[in-house]
Structure formats: C-alpha cells, structure tokens
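Each remark here refers to the structure printed beneath this line.
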Amino acid sequence: MIDFEASSDGQREIEDFGASREEWKEVESVVLKGLMRLAVHLVEAGVRFVGCQKVVHPLIKDYWRQEGVYVADRLSSLSLGPVRELTGGKIIGSLSPNLSSDSLGRLSSIRHTTVHG
C-alpha cells in the first residue's frame, strides 16, 4: 500500500510556491523519475496491488497496468484502514525505492468487479 504525500497534478504546488510553469516542469520531471523508480522497484518486488489515498500519476498508472498491477487511487482514509488490515501492508510516504519487504502486504487473490447503476 502506498500513500504519496502530494497529488500528481501539481497545480496547488505551483500556486503555493509561486513557481513558474517552466520551473514546475523541471520539478515535475524529477518527481516523476522518482515515482517511476519506485514503481519499477515495486513491480520487481512482486507487488500486484497498489492502494493510494492520492491521485496516481497517469504515466505511473499506465506502467503498472501494463505490468499487471491493479491500482486503486483516491482511496478515502476510511478505506485505507481495512485494506491495511486485510493485507498487512504499511503506508509508504517516501519516493525511495529502498523499501523493506515487511512494508509490503500480502493478498492471496484479488477480484475487480464493476457495478453500474
């Protein structure tokens, strides 16, 4: 389970820090590279489900889907508790790919059901 501390759209951060669009693009590139390193590390560690309280960057989400990782983003804080309980995973608030295996939870299976109506 992952809980990134910032959303991926960046608009609020631009306004908060008074950065220009050009400056933000440089920062976004660095952050995206860090996110991708973490995403690759999680795939290599055998992760097949990622739950996130914030929005997952579309490029990261696409990469994970291609690798067979189910991504559930925008989970409420109320949803995170039961998911953590079921999986034994921990919230990760860092982009560092140096995660210990005890931070990762376990699932025996997962089923995705879409309900319309």
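At a glance:
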quantity: Radius 13 Å from Cβ of Ala45, net charge of other residues (Lys, Arg +1; Asp, Glu -1); calculated: 0
quantity: Local electrostatic count at Asp102 - Lys and Arg +1, Asp and Glu -1, tallied over other residues with Cβ under 14 Å; calculated: +3
quantity: Sites Ser100 and Glu23, calculated FRET efficiency, Cβ-Cβ separation with R0 35 Å, nearest 0.05; calculated: 0.50
quantity: Relative contact order (%) - criterion: Cα under 8 Å, at least six apart; region: the range 23-117; calculated: 26
quantity: Relative packing of peptides 20-28, 85-93, 106-114, 43-51 - highest average C-beta neighbours within 10 Å first; calculated: 43-51, 85-93, 20-28, 106-114
quantity: Test item: Cα-centred dipole of the range 68-116, Lys/Arg +1 and Asp/Glu -1 on Cβ, debye; calculated: 80
quantity: Candidate lysines for bridging to Lys25, where Cα separation is under 28 Å - those fewer than 8 sequence places away on the same chain excluded; calculated: Lys33, Lys54, Lys61
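Bear in mind that the values in this text are calculations on the coordinates, not laboratory data. On a predicted model such as this, the values are computed, not experimentally measured, just so you know. Backbone-built Cβ (ideal geometry, glycine too); neighbour counts: all protein chains shown.
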